[in-house]
Amino acid sequence: MSGIIHLENIQKSYYMGAQAIPVLKGLSLDIHKNEYVALMGPSGSGKSTLMNILGCLDTLTDGKYVLNGKDVSKMSDDELAEVRNKEIGFVFQQFNLLPRLSAAENVALPLIYAGISKKERMERALEALGKVGLAERSHHKSNELSGGQIQRVAIARALVNRPSILLADEPTGNLDTKTSKEVMEIFGQIQAAGNTVILVTHEEDIAAYAKRVVRLRDGVIESDTLQEQRVFAH
């Protein structure tokens, strides 16, 4: 078994009263280090549920999930929270930045929970902002930044813990076409620098940036294909 993510026959059901509603129906998937994967599927296909399980935000009903050598399928909520903080960087469609804080302070937030000193927090926040091309805007608050810059701050925040994987859920959903392209190029650069990137999207032109597209339908994998990746200038 190789790979940073190993899913084996995972099942997830939600309950309405006594009735089980199956959402994921025996799904198996391996994702390797430094891959760039897009998860696609129509509404109700299970892609958001799969994303939440990959991100340790939700637990399995059955099956096995090994993340970076650790079997997370049997972990308690506290253990999952620790794995989430160390292994996973999240980028959401809503940027979730705190308006009173500067870009650097927003990026440094996850490190507070990790118990890292203020000096190191700011050094690492500036390093992460540098990776998304925003080092010079570190003191700006979100109302002084464009939508694309705010999303880049959110990406830097996801990178600041130096996670094993970056999970992005519809990361360009609130952006115009030009800004979406800029943000997707940043994900390409992050992956080229050695990170594993997993993207959930329903847009074909956004999925085109990934190297591999996994399509879900009705809680199972419908197709899993490699594609030519767009090349970025560094």
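What follows is calculated from the coordinates using simple rules that are stated; it is not laboratory data. Just so we're clear, the structure is a prediction, and the values are computed from it rather than from any experiment. Here Cβ is always computed from backbone atoms with ideal geometry, including for glycine, and neighbour counts include all displayed protein chains.
What percent antiparallel are the DSSP beta bridges of the chain, to the nearest 5?
Values: 24 of 41 bridges.
Here the share of antiparallel DSSP bridges comes out near 60 percent.
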**Message:** Just to be sure I understand: with springs between alpha-carbon atoms less than 10 Å apart, which residue in Ser48, Ser76, Ser13 has the highest mean-square fluctuation in the Gaussian network model of the chain?
**Reply:** Ser76
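Before rounding to the nearest 500, sum -39500 (n - 2.57) across all DSSP H runs of length at least 4 in the chain and divide by the residue total; then give [θ] at 222 nm in deg cm²/dmol. Write out the running numbers ahead of the final one.
On the way: 7 runs with 77 residues, N = 234.
Mean residue ellipticity, 222 nm, calculated: -10000 deg cm²/dmol.
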**Request:** Please say if segment 75-128 is rounded, prolate or oblate, where rounded means a/c under 1.5 for a ≥ b ≥ c the square roots of the C-alpha gyration tensor eigenvalues, and otherwise the choice is prolate for a/b larger than b/c and oblate otherwise?
**Result:** oblate
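I need to check one value: relative contact order of the chain, counting alpha carbon pairs closer than 8 Å and at least 6 residues apart, in percent. Intermediate results must be reported in sequence, preceding the final value.
Working: 458 pairs, mean separation 64.7, N = 234.
Computed over the chain, the figure is 28 percent.
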**Prompt:** When the chain is treated as a GNM, springs tying every alpha-carbon pair under 10 Å, which of Ile155, Ile31, Ile116 comes out with the largest mean-square fluctuation?
**Reply:** Ile116
**Prompt:** Along the charge dipole of the chain, which of Ile190, Ile150, Ala125 sits closest to the positive end, that is, farthest toward it, with unit charges on the beta carbon of Lys, Arg, Asp and Glu (+1, +1, -1, -1)?
**Reply:** Ala125
**Request:** Calculate the spin-label point distance for Thr61 paired with Glu222, positioning each point 7 Å from the Cα along the beta-carbon direction, and give it in nanometres.
**Result:** 2.1
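List the relative contact order of segment 102-232 as a percent without decimals, with contacts defined as Cα pairs under 8 Å and 6+ residues apart. Present the calculation step by step, with values, prior to reporting the outcome.
Numbers: 156 pairs, mean separation 26.1, N = 131.
It rounds to 20 percent for segment 102-232.
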**Request:** Calculate the length of the line joining the C-alpha centroid of segment 177-199 to that of segment 68-133, in whole Å.
**Result:** 18
**Prompt:** Under 15 Å from the Cα of Lys119, which aspartates and glutamates turn up, not counting those fewer than eight places away in the same chain?
**Reply:** Glu105, Glu127
**Request:** Mind running the shape call on segment 1-87? Use the C-alpha gyration tensor, a ≥ b ≥ c as the square roots of the eigenvalues: rounded below 1.5 for a/c, prolate if a/b tops b/c, oblate otherwise.
**Result:** oblate
**Fill in**
Placing each pseudo-label 7 Å from Cα in the direction of the beta carbon, Lys86 and Asn52 end up separated by a distance in nanometres of 2.5
**Request:** About the Cα centre of segment 1-83, how large is the charge dipole given +1 on each Lys and Arg Cβ and -1 on each Asp and Glu Cβ? Please answer in debye to the nearest 20.
**Result:** 300
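For the chain, which span is the longest to avoid every loop-located (per DSSP) member of trypsin sites (Lys or Arg not before Pro) having at most 15 other Cβ atoms inside 10 Å? Mind dumping the intermediate values first?
Values: sites that count: Lys33, Arg100, Arg230.
The reported range is 101-229.
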**Message:** Less than 14 Å from a label point 7 Å out along the Cα-to-Cβ axis of Asn9: which backbone N atoms in segment 33-66 qualify, by residue?
**Reply:** 61-65
**Prompt:** Can you give the FRET efficiency for Met16 and Lys118, using 1/(1 + (r/R0)^6), R0 = 35 Å, r = Cβ-Cβ distance, to the nearest 0.05?
**Reply:** 0.15
**Asked** Distance in nm between label sites at Lys25 and Glu79, each 7 Å beyond Cα in the beta-carbon direction?
**Response** 3.1
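Under unit Cβ charges (Lys, Arg +1; Asp, Glu -1), what dipole magnitude, rounded to 20 debye, does the chain have relative to its Cα centre? Display every interim value, and only then the final one.
Numbers: 27 positive and 29 negative charges, 98 e Å.
Dipole magnitude for the chain comes out near 480 debye.
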**Asked** Looking only at Tyr15, Tyr209, Tyr65, which one moves most when the chain is put into a Gaussian network model with springs between Cα atoms under 10 Å?
**Response** Tyr15
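Considering only segment 145-225, what is the antiparallel percent among its DSSP beta bridges, to the nearest 5?
Numbers: 5 of 10 bridges.
The answer is about 50 percent antiparallel.
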**Message:** Under a Cβ-only charge scheme (Lys and Arg +1, Asp and Glu -1), can you give me the dipole magnitude of segment 148-234 about the Cα centre, in debye to the nearest 20?
**Reply:** 400
